[in-house]
Amino acid sequence: MSGLILCRGKHAQNPYHFELTDTDVYTIEELCFYIYNNIYAITEEIFDEKLVTWLKEEIDMDEIAMKLSSMIKNHNNLKDIVVSILCSADYYCEEEIVRVIDTIDAIYGLPDGLKRKIKADNYLKYGYYPQALSEYESILKSDDARQLSPGAYGSILHNMGIVHLHITGYKTAADCFKEAYSKNGEKQSLMQYLYTLKLGGMDEEFDYELGHFNVSTQLLSEISNNYVFALDEAKLSDGYEKINKIEHLKKSGKLSEYYRQLDSYTEKMKNDYREKRAVRYNV
């Protein structure tokens, strides 16, 4: 947790861990702070018997632990659970709690497709790319898609493009951004489409689309500046430097060492990815 939180309750020896955001909380105040500031990522599912046990055994909050256990068994709604936890600590005032209630009510009032989009957006925000893509695709294939405005539909396609930049590649991502722009007509989707073409080395397509979409000089300048910035940023990264060293082996004719280091670096990337994401993906 970041920031200074005034805690009056017991400090746990073992924190409660929120998988989605990879966040640990140690006190009832930190738990309330987390809920309050992540309300769009909060669902009934995160309130389970593990949290009940933690409240009881780690921070001696027997009363709220029993109440939460009862609400879980009775399938109480999210608002009841959140309000009960926030009211168990003297951390937020009544006005702030009412603000959270209003936010939850607003979420409940959304069409099912937009509720599911919030869930997918949170997967994307916290780096659960396969889950985000699966949820976005499921929304667009379902009857919920009929409830979406062109802007919301385009937003899903735009976000799918971002996911594909991480797990698939530039071409698939560019296709998503282009389709997103056809739905929402937003400058950001068009910029991301052209930007992705440029990053992916699809120069002929990039030049064609500049004319096709009648791109202004100002917009082209923005794209060019972003492109140069991205290249400069990449050159400062450790991964870029490592790949450059490996490529130098190939240019020097040291092919056996080149392939050995390339395989080693690729395997390291895979292992780092698995270690960072495996537990989260299985939640």
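Observations on the structure shown:
- For K141, the shell of other residues with beta-carbons less than 14 Å away shows a net charge of -2, using +1 for Lys and Arg and -1 for Asp and Glu.
- Put in line by how crowded their Cβ is, counting other Cβ atoms within 10 Å and starting with the fewest, R116, R146, R260 read R146, R260, R116.
- Radius 14 Å from Cβ of E204, net charge of other residues (Lys, Arg +1; Asp, Glu -1): -2
Taken together, the values in this text are just the output of simple stated rules run on the coordinates, not laboratory data. Source: prediction; values computed, not measured. Cβ sites come from the backbone with ideal geometry, for glycine too, and all protein chains shown count toward neighbours.
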